[in-house]
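*Asks:* Sending over a structure as structure tokens; questions will come in a sec.
The values are calculated or read from the model by the stated rules, or taken from the named source; none is laboratory data. What you are looking at is a predicted structure, and each value in this text was computed from that prediction instead of being measured. Note that each Cβ is placed from the backbone with ideal geometry, even for glycine, and that neighbours are counted across all protein chains shown. The protein model used for the area step is the full one, side chains on, heavy atoms only, and it has no ligands, DNA or RNA in it. Shrake-Rupley method; radii C 1.70, N 1.55, O 1.52, S 1.80 Å.
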Amino acid sequence: MLGTGKAALAVASFSVALSAAATAGTIEGTATYRERIAVPPDATLYVELQDVSRADAPAVSLATKRYAMSGVPAQFELVFDDNLIKDGRRYVVRASINQGGKLLFTTDTAYPVLTDGAGNSTDLVLVQVQGAAMLENTQWTAVALSGTKVETERRPEISFAEGGAFSGSGGCNRFNGQAEISGSNISFPDNMAATLMACPPDLEEVERKFFSLLQEVTTYAMEGDAMAFLDAAGEPIVTFTRTQ
């Protein structure tokens, strides 16, 4: 049986350990969009803190929260376990505005927080998800895949004609096909026609990643000369700049 002194020490040690385990951090900020339109009825803001340290792996979600919206800018606060944050890793905040199951606005860039000189507050600017007609007769060059900048000499490109027809280059091989487009929803076939040229290793890796990500695309968003393909979670996985 523990003596009074030992019992008190054990309780104190347990309390310290529990306090350390429960250490919480917070990220605060605002979310808005540039369009001068009212927030739709029943709109919700979804905010997420992610660990995006590994370029070859999906982002890891560390904290999420959903808010009912009445206007913009909308304030948010994310509470996370501070023990998950490590020096040398990269953390970002992303967000989307939804109405029911419909994606209305989304971040098309990652907003750094916590490490590499970033703080624990950020102001997010979301872009509106556009209609299908916006893609017709446009041409785009990829600038980032899964948040990693494309730095090869030749980058993936894609252009759209009427009715969802598309063609382009993965950086080495040409491809074409027919996309299914409905409003802001878009999906690419898994049997796209493509040439089979041998590619330098750096181009081959970028091309392989680009083709793989096209299979994950569910929606797209545009703002000016920028466009993002988004996955089912509303995350931008391929970002482009307009070339035509």
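*Asks:* Out of the GluC sites (Glu not before Pro) in the range 145-180, which ones are loop residues according to DSSP with at most 16 other C-beta atoms within 10 Å?
*Replies:* Sparse-neighbourhood loop GluC sites (Glu not before Pro): Glu151, Glu153.
*Asks:* What percentages, rounded to whole numbers, describe P(r) for the range 13-129 computed over all alpha carbon pairs with 5 Å bin width beginning at zero?
*Replies:* Binned Cα distances yield the sequence 2, 11, 21, 21, 16, 12, 8, 5, 2, 1, 0, 0.
*Asks:* Can you give the translational diffusion coefficient of the range 132-242 in µm²/s, computed by Stokes-Einstein from the Kirkwood radius over Cα pairs at 20 °C and 1.002 mPa s?
*Replies:* It diffuses with D of about 155 µm²/s by this estimate.
*Asks:* Can you pull the Kirkwood radius for the chain, inverse mean 1/r over Cα pairs, to one decimal in Å?
*Replies:* 20.1 Å
*Asks:* Run through the DSSP bridge list for the chain and note the antiparallel percent, rounded to the nearest 5.
*Replies:* So the antiparallel bridges amount to about 90 percent of the total.
*Asks:* For Lys86, go through the aspartates and glutamates and keep the ones whose alpha-carbon is under 12 Å away, minus same-chain ones fewer than eight residues off.
*Replies:* Asp51, Asp116
*Asks:* Relative contact order of the range 164-244: what whole-number percent is it, with Cα pairs under 8 angstrom and at least 6 residues apart?
*Replies:* Relative contact order of the range 164-244: 22 percent.
*Asks:* Another one. Quick one: check the C-alpha center-to-center distance for the range 196-242 versus the range 115-165, whole angstrom.
*Replies:* 8 Å
*Asks:* Can you give the longest run of the chain that contains no trypsin sites (Lys or Arg not before Pro) sitting in a DSSP loop with at most 15 other Cβ atoms inside 10 Å?
*Replies:* 90-244
*Asks:* Pairs of Cα atoms under 8 Å, at least six residues apart: use those to get the relative contact order of the chain, whole percent. Walk me through the intermediate numbers first.
*Replies:* Details: 525 pairs, mean separation 39.8, N = 244.
This gives 16 percent for the chain.
*Asks:* Going by amide H atoms built from the backbone, whose H comes under 5 Å of the H on Val129, apart from near neighbours?
*Replies:* Phe105, Thr106
*Asks:* Roughly speaking, to the nearest percent, how much of the range 24-128's 1.4 Å accessible area is carbon and sulfur? Don't skip to the answer; put the middle values down first.
*Replies:* Values: 2510 of 5560 Å².
The computed percentage sits at 45.
*Asks:* Could you give each residue of the range 210-217 its phi-based ³J(HN,Hα) in whole Hz, using Karplus coefficients 6.51, -1.76, 1.60 with θ = phi - 60°, and x for Gly or Pro?
*Replies:* 4, 4, 5, 5, 4, 6, 9, 6
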